[in-house]
Amino acid sequence: IVAYPMGLETLQVDASSCFEVLFDCSRHLEDWCIANALLDVLLQCDAVTKAAVSKNIVICGGMADVPGFQERLVHAAAHLCKECPKYQCLQHCLLKHMSLSTPAVPSYLMPWVGASVVSAVSHTIASTAPYYHSSRRKS
């Protein structure tokens, strides 16, 4: 339990329950929790991509270092696949393929690395596409 002084009062918070809001779909955010977000992305993939994506899930950011977070995410996703009709079609894919990848970069730096890669690729594509199309017209 962590105590937070708030003026004349002190707020007592059980630190172990702070992350429950990310996994509890039944209370405030009935149709959303972090496992729902993961499964909704997989639902949008075709069969081949779905298997590839589920084999290479990367959890990054500060939450990735919270002890038990990744195991809880896997458990919550598996539970939703069994209990929620919307996700039952993913049950076989997750049981067979789901794997959390561990990046070579510390998890708290992954969002920066990802943004850098997207920025570099976007700039490269934006600068080479007009050149490619203009050179095709000339020949």
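The values are calculated or read from the model by the stated rules, or taken from the named source; none is laboratory data. The structure displayed is predicted, hence computed values, not measured ones. All Cβ positions, glycine included, derive from the backbone under ideal geometry; neighbour counts span all protein chains shown. Quick note on the areas: whole protein, heavy atoms, side chains included, nothing else; ligands and nucleic acids left out. Shrake-Rupley method; radii C 1.70, N 1.55, O 1.52, S 1.80 Å.
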TODO: Residue by residue through the stretch 94-112, note down the ones that are part of a helix (DSSP H, G or I) and within 15 Å of Ala35 (Cα to Cα).
DONE: Leu94, Leu95
Task: Scope the stretch 27-40; condition open to solvent by 30 Å² or more (accessible area, probe 1.4 Å), modelled with pLDDT of 70 or more and more than 14 Å from Ile59 (Cα to Cα); matching residues - done: Trp32, Asp40
Open item on the list: So in the stretch 49-85, with the set limited to residues that are of a type in the set (A, V, I, L, M) and not in a helix (DSSP H, G or I), which one is nearest to Ile34 (Cα to Cα)?
Closed with: Ile59
Task: Residue that is modelled with the lowest pLDDT [pool: residues in the stretch 59-83 that are under 21 Å from Gln44 (Cβ atoms) and open to solvent by 40 Å² or more (accessible area, probe 1.4 Å)] - done: Cys60
- [ ] From (1) closer than 25 Å to Leu43 by Cβ; (2) at pLDDT below 80, pick out the condition that doesn't hold for Thr128.
- [x] (1)
Task: Any chance Leu90 is over 18 Å from Glu20 (Cα atoms), over 15 Å from the mean Cα position of the chain (by Cα) and buried (at least 17 other Cβ atoms within 10 Å of the Cβ) - done: yes
